[in-house]
Every structure is written in structure tokens, then in C-alpha cells.
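Beneath this line is the structure, given in C-alpha cells, with notes to follow.
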Amino acid sequence: MDIVSISELTVPTRIGVFEWEKRIKQNLVLDLELGTDVARAAATDAIDDAIDYGAVALRVTELLENGQFLLIETVAERVAQLLLAEFATPWVRVRVAKPRILRNAREVAVTIERRAA
């Protein structure tokens, strides 16, 4: 399986369990991997035969900017569901990081993998 990936997609969203977090937007940083077969797109050189990573980034950004979440686990699951449903990919890996939330850590993160049913 080939993989199309987007690294460090940074999106502001309302995320957190504390009241102060619910009132502000914080950046989440996502790494997305979508399983695919790039052979047809490579042969035709046509965007219609490829996963449009611009469309992927736009849809994920819309989901997060318009949402409110308590947990990064929830964000990861919703993003995975969106990618599987809208981009005809049989497999995804989603990593969601919340930077600078702990004083002595660069970030906290969760990574999930999901397959289409």
C-alpha cells in the first residue's frame, strides 16, 4: 500500500477539559497518513486519480475550526472517520498533538490507525 501524508497541519480549535480552555482556541498539530494505490494517478498524472491533499487539509481544517472537543482522542477519531468516509481510503493513521500544554513537555499527542469497514 502506498501512503499519502500531510505533516504538521496546524489548526486552531476549541479543545480541553478546563473552563479556560473552552473559551479560547488552541492550535492542534496533525500528521495524517492515508493508504492508497498511487499507480493510476502516476500513470495518468491526473488529480482526479489521486487523493487531493488540498481537499484533505481543507476538510480537516473545517472540522476542527467549527468543532469543540474535550479530548485529543476524540479529535483523532473524528478526523479518521472523516478521512475514511470522504476520501475512499482503506486505511488511515492520524496523529494529533497539543503543543505546549505541559510545562516540561513540547507536546502531548495521540496516534490512531483505522481501517475502512
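Checking ARG100, ARG78 one by one, the residue that is over 16 Å from VAL4 (Cα atoms) and at pLDDT below 95 is ARG100 and no other.
Might you let me know whether region 44-67 holds any residue that is among the acidic types (Asp, Glu) and under 20 Å from ALA117 (Cα atoms)? No. Among what's in region 23-38 and is part of a strand (DSSP E or B) and of a type in the set (D, E, K, R), pick the residue that is nearest to TYR53 (Cα to Cα). Among those residues, the one meeting the criterion is GLU33. Hey, any hits in region 28-36 for a residue that's closer than 20 Å to THR10 by Cβ, among the small types (Gly, Ala, Ser) and under 15 Å from the mean Cα position of the chain (by Cα)? No, because not a single residue in region 28-36 is closer than 20 Å to THR10 by Cβ, among the small types (Gly, Ala, Ser) and under 15 Å from the mean Cα position of the chain (by Cα). Look at (1) modelled with pLDDT of 95 or more; (2) loosely packed, with under 12 Cβ neighbours inside 10 Å; (3) of a type outside the set (A, V, I, L, M, F, W, C); (4) outside any helix (DSSP H, G or I) and you find that GLY54 fails only one, number (4). Filtering LEU58, LEU70, LEU64 for residues that are touching a residue at least 40 places away in the same chain (Cβ under 8 Å) and closer than 14 Å to LEU30 by Cα leaves a single hit, LEU64.
What do you reckon, is ALA41 of a type in the set (Gly, Ala, Ser), in contact (Cβ under 8 Å) with a residue 40 or more places away in the chain and not in a strand (DSSP E or B)? Taking the combined requirement at face value, the residue does not satisfy it.
Answer yes or no: is there a residue in region 10-22 that is surrounded by fewer than 16 Cβ atoms within 10 Å (Cβ to Cβ), without any contact (Cβ under 8 Å) to a residue 40 or more places away in the chain and in a strand (DSSP E or B). There is at least one residue in region 10-22 that is surrounded by fewer than 16 Cβ atoms within 10 Å (Cβ to Cβ), without any contact (Cβ under 8 Å) to a residue 40 or more places away in the chain and in a strand (DSSP E or B). Among the residues in region 88-95, are any surrounded by 13 or more Cβ atoms within 10 Å (Cβ to Cβ), in contact (Cβ under 8 Å) with a residue 24 or more places away in the chain and within 19 Å of PRO12 (Cα to Cα)? Yes; the residues of region 88-95 include at least one that is surrounded by 13 or more Cβ atoms within 10 Å (Cβ to Cβ), in contact (Cβ under 8 Å) with a residue 24 or more places away in the chain and within 19 Å of PRO12 (Cα to Cα). Summed over region 57-100, the residues that are among the hydrophobic types (A, V, I, L, M, F, W, C) and in a loop (DSSP other than H, G, I, E, B) give a count of 4. So is GLN81 touching a residue at least 24 places away in the same chain (Cβ under 8 Å) and under 18 Å from VAL108 (Cα atoms) or not? It is false that GLN81 is touching a residue at least 24 places away in the same chain (Cβ under 8 Å) and under 18 Å from VAL108 (Cα atoms). So is ARG115 at pLDDT 95 or above, in contact with a Gly (Cβ under 9 Å, 6 or more places away or on another chain), surrounded by fewer than 12 Cβ atoms within 10 Å (Cβ to Cβ) and basic (Lys, Arg) or not? It is true that ARG115 is at pLDDT 95 or above, in contact with a Gly (Cβ under 9 Å, 6 or more places away or on another chain), surrounded by fewer than 12 Cβ atoms within 10 Å (Cβ to Cβ) and basic (Lys, Arg).
The values are calculated or read from the model by the stated rules, or taken from the named source; none is laboratory data. Quantities reported herein were computed from a predicted structural model and do not represent experimental measurements. Note: ideal-geometry Cβ built from the backbone for every residue, glycine included; neighbour counts use all protein chains shown.
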